[in-house]
1. Can you give me the ranges of the strands (runs of 3 or more DSSP E) entirely in the stretch 1-109 with at least 1 residues that are at pLDDT 95 or above?
2. It is to be established whether one or more residues within the stretch 170-184 are surrounded by 13 or more Cβ atoms within 10 Å (Cβ to Cβ), in contact (Cβ under 8 Å) with a residue 12 or more places away in the chain, part of a strand (DSSP E or B) and not aromatic (Phe, Trp, Tyr).
3. Consider Tyr341 against the criteria (1) touching a Gly at 6+ places or on another chain (Cβ under 9 Å); (2) surrounded by 21 or more Cβ atoms within 10 Å (Cβ to Cβ): it satisfies all of them except one. Which criterion is unmet?
4. Restricting to the stretch 148-169, count the residues that are assigned to a helix (DSSP H, G or I) and more than 25 Å from the chain's Cα centre (by Cα).
5. Could you say whether any residue in the stretch 445-461 is closer than 24 Å to Arg557 by Cα and in contact with a helix residue (DSSP H, G or I) (Cβ under 7 Å, 6 or more places away or on another chain)?
6. Test each condition in (1) in contact (Cβ under 8 Å) with a residue 40 or more places away in the chain; (2) over 23 Å from Pro479 (Cβ atoms); (3) surrounded by 17 or more Cβ atoms within 10 Å (Cβ to Cβ) for Ala359 and report the one that comes out false.
7. Have a look at Tyr576, Tyr587 and point out the one that is touching a Gly at 6+ places or on another chain (Cβ under 6 Å), of a type in the set (Ser, Thr, Tyr), more than 28 Å from Gly637 (Cα to Cα) and assigned by TED's automatic domain parsing to the domain that holds Ala663.
8. Scan the stretch 533-553 residue by residue and report those that are among the aliphatic types (A, V, I, L, M) and in contact (Cβ under 8 Å) with a residue 40 or more places away in the chain.
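The values are calculated or read from the model by the stated rules, or taken from the named source; none is laboratory data. These figures come from a predicted structure and were not determined experimentally. All Cβ positions, even for glycine, are placed from backbone atoms using ideal geometry, and neighbour counts span all protein chains on display.
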Amino acid sequence: MTRSAARHWRRETDSRGVCRLILDKLAASSNTLSLEVLSQLDEELTALGEVSGLTGLVIESAKHNGFILGADVAEFGTVEDPDAAARLAGQGQATLARIAALDCPSVALIDGYALGGGLELALACDYRIAAKGYERTLGLPEVQLGIHPGFGGTVRTVELVGALRALDLMLTGRSVTPIEAQDMGLIDRAVPAAGLHEAALDCIEHKPPRSRAAWYLRLLRLPFLRSLLARSMRGRVARRARRSHYPAPYAIIDLWRRHGAGGPAAYAAEAESIGKLLVSPTSRNLVRMFGLRERLRNLAPKSTGIGNVHVVGAGVMGGDIAAWCALKDLSVSVQDRALEYVEPALERARKLFQRRLRAPGAAAAAEARMSIDLEGAALGSTDLVIEAIVERLDAKQELLRSIEPELDEHAIIATNTSSIRLEDMAPALKRPGRFVGLHFFNPVARLPLVEVISGEATDAETLEKTISFVIRIGKLPLPCRSAPGFLVNRVLTPYMLEALNAHEDGHMLETIDAAARAFGMPMGPVELADRVGLDVALHVAGLLGGVLGREPPALLRQQVEAGRLGAKTGHGFYEYDKGRARRQSRYPAPDADLTDRLMLPLINEAVACHADGIVEDSDLVDAGVVFATGFAPFTGGPINYARERGIDEVVARLEALSGRFGAHFEPHSGWRDIAAGS
């Protein structure tokens, strides 16, 4: 066997003439397609021309966590010019085209993740063989970064699986399992990991027919059918995202409509299109959010020492927190006053496990990890207790006093409070250093952020272990200082309250919510208040009254007193039918003035939180607000939005609104620090 070494690639050729190109990116935990990696791949392909008797090429990874995770996102910001970006994409296409043009069979061996550019590289091979047993590890998620595949993926994916499935993968950015990928034709075989090399040699020796979309799917490339499909896809995308906010999905559809994923022109158009997208504000800001997500994921080691979790309170939040922990392979016991309070939580957990865990026996195993413990018998052996009872200080203090004596001295006690300061609860404990806040957001299974709250007495070890726990269960930890409302509720409350003030001033509820959605919010503030629960919104607004300098509108209190608590009762500001809000179909269109009236109080309060040191820096303010509330990700977060719009302009608008609607619009003094770049 002959071997050749490069910085990132290793080449080995055996006696049968089969060459293995093995990617092991230097000084990196995962493989990504940096410019240097691609350049060296091109050099290796050139060197293959000098190998006599070459019978096949196998491309694989030396990393334990997958094949290739995609392009190197860190390099995205280094390109300023769309033409330069297009040229780089064209170079990547040319390198992968050399693989596709080899005289001998080529095989991509995928053990774990193959995403974005990594999957595009695999698509350039004649055959793709993936290790089965993984969850969703194969996909083209570029749209989540404001771009689309740029190394030929918009063409080759269609050739393999047909336009319908290819467009779905690219427009949603969703990933699929190896078995699903095999069923749709994205890969050729899903085999046990131990059989990957044997399967590769079999493909090289026997040269089975290569995958291709069925003939009837190829008919969609006809110009008339292509246009019809493009129109249908545009309609679906428009219901979720505006072109001005997220141009990438529309660009994907336009490429299909114009070129039908066929011929050299399709590749050239793909490169030109991604060149424009890569330097767009949307892509820049989505890449920024990707970087902030990675920052949160790496705040602490992933090993926690926490294997057993005990949740007190089996309501919607407590029950769903317990279910999520069980889903993530932890043993969880759930305590409440009686079985009747726990059973609904177990039923919701079963549905979650069945929806998320598709491998044989996985859902049943998760269900077995979640147990009922009405008497709290597991307290003595638990590593972490999460209190998730009613949001009332006296009740929480009473519970803390009762459970602390039952715990091991090293166990951590966490409260899922949404607004109460830890310092107000800590006097009930003899070991307040082991006390921390864990504020999950509803619905737990969908919202990725968890505020990790440290009080004055919380010790550093407890904080780090709790952050590690959050990372361990696949959530994003946001370290916050204990203060009323912490970060997320504090910035959301003025947003929701101003919406009600606007309604009192004559704006229709539907117009108010439409203004927020037009800005880029996933849900309007009126419906958000209904979803949170108007009783909860009133309670939090009352607790934050002193901080925000305003009282809740009388309209909110009236709704609560009338028992109209929102979606959970079927009646709030909207009526709800099977969980869906019923809105008027006709209402005045919102204008920019109303949008500013809603959004600028939220942004002003984000600046106040930064000034008060609720989180470490303004980047974490943006991360917290985006990942917990869905604040328009394409803006890069509230403070980043203000910077891009212009600090002076935002402050001037706040001053103007203050003169019209009241002192709660007055710009916070913290804007000076933001303007200074801190």
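1. Per the criteria, 9-13, 18-23, 56-61, 66-68.
2. Yes, the conditions are met somewhere in the stretch 170-184.
3. (2)
4. Of the residues in that region, 7 qualify.
5. No, there is no match, as no residue in the stretch 445-461 is closer than 24 Å to Arg557 by Cα and in contact with a helix residue (DSSP H, G or I) (Cβ under 7 Å, 6 or more places away or on another chain).
6. For Ala359, the failing item is (3).
7. So the residue among Tyr576, Tyr587 that is touching a Gly at 6+ places or on another chain (Cβ under 6 Å), of a type in the set (Ser, Thr, Tyr), more than 28 Å from Gly637 (Cα to Cα) and assigned by TED's automatic domain parsing to the domain that holds Ala663 is Tyr576.
8. Hits for the stretch 533-553 are Val536, Ala537, Val540, Ala541, Leu543, Leu544, Val547, Leu548.
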